[in-house]
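Novice: Supplied in C-alpha cells, the structure appears directly below.
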Ligand SMILES: Nc1ccn([C@H]2C[C@H](O)[C@@H](COP(=O)(O)O)O2)c(=O)n1
Ligand SMILES: [Zn+2]
C-alpha cells in the first residue's frame with residue numbers, strides 16, 4: 001500500500017494549531033491564535049487573545065468604542081504575547097505562526113524574544129500606523145515575514161458554523 005500524499009504541509013499544520021487556539025478566544029470581533037515552533041519543529045508555545053488571569057469577562061467589556069477604559073483595548077492580552085508568555089523554552093531561532101499580522105507592541109516582544117520568522121495569514125490592519133511600525137521594526141531586526149494564503153481560515157470558519 002502506498003503512503004498518503006495529501007497530508008498537511010508543516011505550514012498548514014502549525015497554522016491550524018494557531019486557528020485552533022483562536023477558537024478559545026472570547027473576543028466577539030477578532031479572534032487571533034498564535035503557535036510558536038522551535039527549529040526542531042516542536043510546538044513550544046500557544047496563545048490566543050483574552051483578558052489577563054483574574055480579569056474576568058463579567059467585569060471587563062469586549063466593546064470596541066466609547067470610553068477607552070470601558071473598551072477591551074487597554075486590557076486584552078494579544079495572542080502573540082500570550083504564546084510568548086506561555087512558552088516552555090528559550091525562543092531564539094523559533095518561528096511564530098499567527099492568524100493575524102502582529103501589532104507594534106507584539107512585534108517588540110517577538111523581536112526581543114529572539115523569534116526569527118513570523119508566518120501569518122490575515123493582514124486586515126495593513127496600512128495602519130501600528131501595522132507600519134511593526135513592519136518597520138521587523139525589517140530592521142531581520143525577522144523574516146511570510147504570508148500564507150487564506151484557505152485554512154475558510155476551513156476553520158466552516159467547522160465553526
Ligand atoms: N495581531 C493581533 C491583533 C489583535 N489582537 C487582538 C486584540 C483584540 O482582542 C482583537 C482586535 O480587536 P479589533 O480591533 O479587531 O476588534 O485582536 C491580537 O491578539 N493579535
Ligand atoms: Zn499585538
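Novice: Provide the FRET efficiency to the nearest 0.05 for the residue 150-residue 117 pair, computing r from the beta carbons and using R0 = 22 Å.
Specialist: Calculated value: 0.70.
Novice: Distance in nm between label sites at residue 42 and residue 20, each 7 Å beyond Cα in the beta-carbon direction?
Specialist: The answer from the label model is 1.8 nm.
Novice: Now for a different question. What angle, in degrees between 0 and 90 and rounded to the nearest 10, separates the Cα long axis of helix 129-141 from the longest principal axis of the Cα atoms of the chain?
Specialist: 40
Novice: Shape verdict for region 10-147, please, from the Cα gyration tensor: rounded (a/c under 1.5), prolate (a/b greater than b/c) or oblate.
Specialist: prolate
Novice: How would you order 47-53, 76-82 from highest to lowest mean count of nearby Cβ atoms within 10 Å?
Specialist: 76-82, 47-53
Novice: Related question: Within region 42-73, find all residues whose amide N lies under 20 Å from a label point positioned 7 Å from the Cα of residue 128 along Cα-to-beta-carbon.
Specialist: The answer is 47-52, 61-73, whose backbone nitrogens lie closer than 20 Å to the label point.
Novice: Give the angle, between 0 and 90 degrees and rounded to the nearest 10, that separates the Cα long axis of helix 10-22 from the longest principal axis of the Cα atoms of the chain.
Specialist: It is inclined by approximately 30 degrees.
Novice: If one takes the longest principal axis of the Cα atoms in the chain, at what angle in degrees, from 0 to 90 and to the nearest 10, does the Cα axis of helix 151-160 lie?
Specialist: Around 60 degrees separate the two axes.
Novice: Tell me, what is the percent relative contact order of the chain, built from C-alpha pairs under 8 Å that lie six or more residues apart?
Specialist: Relative contact order of the chain: 19 percent.
Novice: In addition: For the chain, what does -39500 (n - 2.57) per DSSP helix run (n ≥ 4), summed and divided by total residues, give at 222 nm, in deg cm²/dmol to the nearest 500?
Specialist: -10000 deg cm²/dmol
Novice: Indicate, rounded to the nearest 5 percent, the antiparallel portion of the DSSP beta bridges found entirely in region 10-147.
Specialist: Around 55 percent of the beta bridges assigned by DSSP in region 10-147 are antiparallel ones.
Novice: A further question follows. FRET efficiency for residue 59 and residue 137, Cβ-Cβ distance as r, R0 = 30 Å, nearest 0.05?
Specialist: Result of the calculation: an efficiency of 0.35.
Every number here is computed from the coordinates shown, using simple stated rules; none is lab data. The model shown is predicted, which means the values in this text are computed figures rather than measured ones. Every residue, glycine as well, gets a Cβ built from its backbone with ideal geometry; the counts of neighbours run over all protein chains shown.
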